[in-house]
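A short worksheet on the structure shown next.
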Amino acid sequence: MEEYNRRTFIKKSILGGTGALVSSSFLYNSHAQNIIKNENTIIKRKLGKTGIELPIVSYGVMRADSPALLTAALEKGIVHFDTAHTYQGGNNEEMIGEVFKDIPRDSIVLSTKIKPEEIDRNTGEIGPATTKEVFLERLDTSLKRLKTDYVDILYVHALSSRNAVLHPELLEAVKLAKKQGKARHVGVSTHKNEPEVIKAVIESGVYEVVLTAINFKQDHYKEMKSAIADAANVGIGIVAMKTMAGGFHDRERTKPINCKAALKFVLQDENVTTSIPGITNFDQLNMNASINYDLTMTEQEKIDLVLEDKLEGGLYCQGCESCKKHCTKSLPIPEIMRAYMYTYGYNDSKKAHELLMSLNLNDNPCSDCKNCSVSCAKNFNVTKKITDVMRLTKVPTEFLS
Ligand code: SF4
Ligand code: SF4
C-alpha cells in the first residue's frame, strides 16, 4: 500500500492531478511566472536569503577532469561550480582553482564540502575527533587549492542526523569560517535521512543552504518536498543532487534513466534553487545546460519517468536503513550500496573505492557469514552487491577509472 501511495504521488507530480498520460494542466501551470520561453533567457532562482541568484542548473564537478568542460560550461551561462575537499584526492579543487584563477572572482559561485573528522556511519553521530580546528585547517587547504580567499558556500559534508547538524563544534567552525571571511555562506550536505537533516538545519538558525539528494525514485519524495518547502519558507536555499537516481537501472548499463527528464522533474519544484548534476562530457554539458533555458517537460519525458518509476530495483539506494538492523555485523549497507551505484551507475570506480576505503571494512565482510537475514526495501540482493563491489578494495587505485 505504501509503495502504491508513493507511486500515485510521483505519478500525479509528473502528470498532474488527472494522472492521465497526456495532461494539458501540467504541474507547473501554477508557477507560470517561472517558465521562461525566451531561448536567450536563463531561468534563475534565488538561493534563499543569501542574496545569490543562480541558474537552475549548476555544475557538480566531482568526477570531471577536463578544464575545457569547465570553461565551456561558463560560456554556456553556468556559474556555480560545486566540489569537495576529498574529490579526486584534492585534484578536483586544484583543477577548478587553475581553470578559474584569472577570471573575476565574483563572476562565479564556488562551493566546497568538508567532512567532519569522525562520523559514525551507522548512527550518523559525530565523534570526539571532530574539532573546529581540524575542520578549519581543511578549509584553508581547500582555499589554497582553489586559489581563492573564500568560497561562496561552505558545506559540512554528508550529515545524516539532527545531532550532527546541531553539533556545537561544527556550528562553531562554520561561524568562524564566515567571521574570518573564508565562507560567504554556510550549509550542510546530505544524502541519507534528508528530511531530518533539513529540519535540523531550520532549527540551527546558522546554516543557510542545504545540498540534498532528491529524485523521482525516492520512496520519501513526498516527505522531502514538505521538508524543502519548510526550509524555503524560512529563507534556506536548496541545492539538489543525485537527481538522476544513479543514471541506470541495471549493473550492465543497458537500461538508462532519462536523465534530462529526471533533472527537469526535480526542478519543477520552485523551492529547489539549483541542481548540481555531475558533468563529465560535452554531451552531458549540452543536455544539462539546455534545461537552463527551457524547463518544460515533453510528453515523452513524462511518460518515461512514470514507466521508469515502475521498474523495480535499480541502482539507487534509498538510504532508508531498514536493512541495517538485520545485519549481524552492522555493516554500513547504504554507504556500500552508494559505492555500488558509483561503480555501475556513474562508471566511477575511483569514487567508489574512495568511499569504500573510508568505511574501514575488510575485503568482503559477508564472506564468513553463514546466514544472511538482511532484506532490502527495494529488493536489492544486498549480499551479492556487497560481495561484488567490495572487490574494488583490492584493486590498486592506478588501475581504477
Ligand atoms: S551476509 Fe553480509 S549483509 Fe548479510 S548479515 Fe552477513 S555481513 Fe550482514
Ligand atoms: S539497501 Fe535497501 S533497505 Fe538498505 S538502505 Fe538501501 S534501499 Fe533501504
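For residue 330 and residue 223, the difference between the fully extended length at 0.36 nm per residue and the C-alpha to C-alpha distance is 35.9 nm. Computed from backbone phi, the HN-Hα couplings of segment 58-67 come to 10, 10, x, 7, 2, 10, 7, 10, 10, x Hz, rounded to whole numbers (Karplus: 6.51 cos²θ - 1.76 cosθ + 1.60, θ = phi - 60°; Gly and Pro given as x).
If the chain linking residue 94 and residue 8 were pulled fully straight, counting 0.36 nm for each residue of separation and taking away their Cα-Cα distance, it would gain 26.5 nm.
Quick one: compute the contact order of segment 115-201, relative version, from alpha carbon pairs under 8 angstrom and 6+ residues apart, as a percent. Display every interim value, and only then the final one.
Working: 130 pairs, mean separation 28.0, N = 87.
Dividing the mean separation by the residue count of segment 115-201 yields 32 percent.
Distance from the C-alpha centroid of segment 247-265 to that of segment 166-239: 27 Å, rounded to the whole angstrom. With Cα atoms defining each centre, segment 81-146 and segment 385-401 are spaced 25 Å apart in the structure.
Phi angles of segment 212-226 translate, via the Karplus equation with coefficients 6.51, -1.76, 1.60 and θ = phi - 60°, into HN-Hα couplings of 10, 5, 7, 6, 5, 8, 5, 5, 9, 4, 4, 5, 4, 4, 5 Hz per residue; Gly and Pro are given as x.
With a point put 7 Å past each Cα toward its Cβ, work out how far residue 144 is from residue 233 in nm, to one decimal. Simple spin-label model gives 4.6 nm for this pair. Between the amide H of residue 185 and those of 153, 154, distances stay under 5 Å, these residues lying 5 or more places away or on another chain, with hydrogens modeled in the peptide plane.
Remark on residue 109: its backbone amide H falls under 5 Å from those of 80, 81, a criterion applied only to residues 5 or more positions apart or on other chains, H modelled at 1.01 Å from N. Highest mean packing comes first when the peptides 337-346, 160-169, 226-235 are listed by Cβ atoms within 10 Å, giving 337-346, 160-169, 226-235. Near residue 45, the amide H atoms lying under 5 Å from its own belong to 54, 56; only residues 5 or more places off or on other chains count, and H is placed 1.01 Å from N. Cut-off 14 Å, label point 7 angstrom out along Cα-to-Cβ of residue 131: give me the residues of segment 162-202 whose amide nitrogen falls inside. Answer for this model: 169-170, 173.
Here each label is just a point 7 Å from Cα along the line to Cβ, and for residue 163 and residue 118 those points are 1.3 nm apart.
Across segment 167-172, coupling constants 3J(HN,Hα) worked out from phi with the 6.51/-1.76/1.60 Karplus curve, θ = phi - 60°, read 4, x, 5, 6, 4, 5 Hz, and Gly and Pro carry x. When only Cα pairs under 8 Å and 6 or more residues apart are kept, what is the percent relative contact order across the chain? RCO, the chain: 17 percent.
Placing a pseudo-label 7 Å from each Cα along the Cα-to-Cβ vector at residue 358 and residue 68 gives an inter-label distance of 3.1 nm.
Readers should treat all values here as calculations from the given coordinates under stated rules, not as data from a laboratory. Note that the structure is a prediction, hence the values are computed from the model and not measured. Heads up, the Cβs are rebuilt from the backbone with ideal geometry, glycines too, and the neighbour counts pull from every protein chain shown.
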